[in-house]
1. Applying the selection to the stretch 53-67, what residues are over 12 Å from the mean Cα position of the chain (by Cα) and either in contact (Cβ under 8 Å) with a residue 40 or more places away in the chain or loosely packed, with under 14 Cβ neighbours inside 10 Å (or both)?
2. If ASP36 satisfies every condition in (1) surrounded by 12 or more Cβ atoms within 10 Å (Cβ to Cβ); (2) more than 11 Å from the chain's Cα centre (by Cα) but one, which is the exception?
3. Quick check on this structure: which one of TYR20, TYR83 is modelled with pLDDT under 65 and not acidic (Asp, Glu)?
4. Search the stretch 44-67 for residues being among the charged types (D, E, K, R) and at pLDDT 95 or above, and hand back the single one that is farthest from TYR27 (Cα to Cα).
5. Looking at LEU90, LEU73, which one is under 14 Å from TYR27 (Cα atoms) and either surrounded by fewer than 13 Cβ atoms within 10 Å (Cβ to Cβ) or among the aliphatic types (A, V, I, L, M) (or both)?
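The values are calculated or read from the model by the stated rules, or taken from the named source; none is laboratory data. None of these values were measured; they are calculated from a predicted model. Positions of Cβ are generated from backbone atoms using ideal geometry, with glycine treated the same way; all protein chains shown enter the neighbour counts.
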Amino acid sequence: MIQMSVAKSMSSFDDTYNAYEVMCLYYPRLKDLREDHDLVQKEVAAFPGIDQRVYSNYEIGKREIPTRLFVILAKLYHTSTDYLLGLTDLQEPYHLKDQS
């Protein structure tokens with residue numbers, strides 16, 4: 001059910017990938033990053049203050065991940081949201097402009 005609603009909302013995302021393929025790009029990355037940082041789901045879920053079961057559903061693709069959570073996870077893993085989304089293979093975060 002979720003996959004169908006995601007497919008509709010992301011149908012114009014990119015002509016190269018359909019919505020399911022886009023999801024398949026980033027769900028494995030979430031698990032890989034978590035394991036690379038020697039974290040368990042409960043620890044990652046505590047960072048944004050969500051329940052471990054909710055995070056598990058994000059990681060396995062049962063629930064669509066909110067934009068806010070992508071930003072939080074990018075900060076946790078010191079990477080970019082583009083990397084999390086599978087849009088780049090470069091893990092380095094973007095350099096922010098000086099806001100002064």
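1. ARG53, LYS62
2. Single failed check for ASP36: (1).
3. Values: TYR83 fails: modelled with pLDDT under 65.
After ruling out the rest, the residue left standing is TYR20.
4. The first filter runs over the stretch 44-67 and keeps only residues among the charged types (D, E, K, R), leaving 51, 53, 59, 62-64.
If we keep only those that are at pLDDT 95 or above as well, we get 51, 53.
On the way: ASP51: 18, ARG53: 15 Å.
Result: ASP51.
5. On the way: LEU90 fails: under 14 Å from TYR27 (Cα atoms).
After applying the criteria, what remains is LEU73.
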